[in-house]
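Here is the structure we will look at.
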Amino acid sequence: MDVKTFSFTINTNAGTDIIDITQEVQKILTDSGFIEGSVLIFVPGSTAGITTIEYEPGLLKDYPDFWEKLVPSNKPYEHDNTWHDGNGYSHVRAALQGASFTVPFSGGRLLLGTWQQIILLDFDNKSRTRKVIVQLTGK
Ligand code: ZN
């Protein structure tokens, strides 16, 4: 059993940006030589999240629509009284989404479903450069 930690950076846009990072994660796994185990994908920061989705045009609208209904961007948040950065909703969405996701792998391949991609969600109200941590545990 071994543990290795990698990272990559990705540029995002404001407003619940959804980016497919499956290829980046698979490439790290392939280059590592790991065969069996699990990979933890984590985004540092309090306004972003990681999950999986079917990365197709409909859901890329449905999912941000869902977040807008659940945690509206156009209402006041107490957070803005603290920092005046206007992104209270971004923090609440990120807290609920979660900052990490774990995927098992076998034979050097991520065991994702055919229509299941790993996504980085950026809920912030401005463009960011995000670092994504990829930690492999296995052999
Ligand atoms: Zn903030």
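Residues whose amide H falls under 5 Å from that of residue 51, counting only those 5 or more places apart or on a different chain, are 119, 121, with hydrogens built in the peptide plane. Solvent-accessible surface of the range 41-109, taken per residue with a 1.4 Å probe and all protein chains present: 56 Å². From most to least packed by mean Cβ count within 10 Å, the peptides 73-81, 95-103 give 95-103, 73-81. By accessible area, using a 1.4 Å probe on protein heavy atoms only, the range 2-138 has 54% of its surface on carbon and sulfur.
Measuring nothing but alpha carbons in the chain and taking Rh as the Kirkwood radius, the Rg to Rh ratio lands at 1.02.
Here the dipole of the chain is about 260 debye; that uses its Cα centre as origin and unit charges on the Cβ of Lys and Arg (positive) and Asp and Glu (negative). Think of it as helices only: each DSSP H run of n ≥ 4 in the chain is worth -39500 (n - 2.57), and spread over all residues that comes to -8500 deg cm²/dmol at 222 nm. For the range 88-114 and the range 1-19, what is the centre-to-centre distance using only Cα atoms, to the nearest Å? If you average the Cα positions of each part, the centres end up 10 Å apart. Considering only alpha-carbon pairs that sit under 8 angstrom and 6 or more positions apart, the relative contact order computed for the chain is 55 percent.
Site pair residue 102 and residue 23 shows an inter-label distance of 2.9 nm when each label is modelled 7 Å from Cα along Cα→Cβ. Pairs from the table (61/126; 4/126; 27/61; 4/61; 4/131; 27/131) lying more than 24 angstrom apart at Cα are 4/126; 27/61; 4/61. 3J(HN,Hα) along the range 12-17, derived from phi through the Karplus expression 6.51 cos²θ - 1.76 cosθ + 1.60 where θ = phi - 60°, amounts to 10, 9, 5, x, 6, 6 Hz, with x in place of Gly and Pro.
The values are calculated or read from the model by the stated rules, or taken from the named source; none is laboratory data. None of the values given here were measured: they were computed from a predicted structure. Positions of Cβ are backbone-derived with ideal geometry, glycine not excepted, and every protein chain shown enters the neighbour counts. Accessible surface areas use protein heavy atoms only, side chains included; no ligands, DNA or RNA. Shrake-Rupley method; radii C 1.70, N 1.55, O 1.52, S 1.80 Å.
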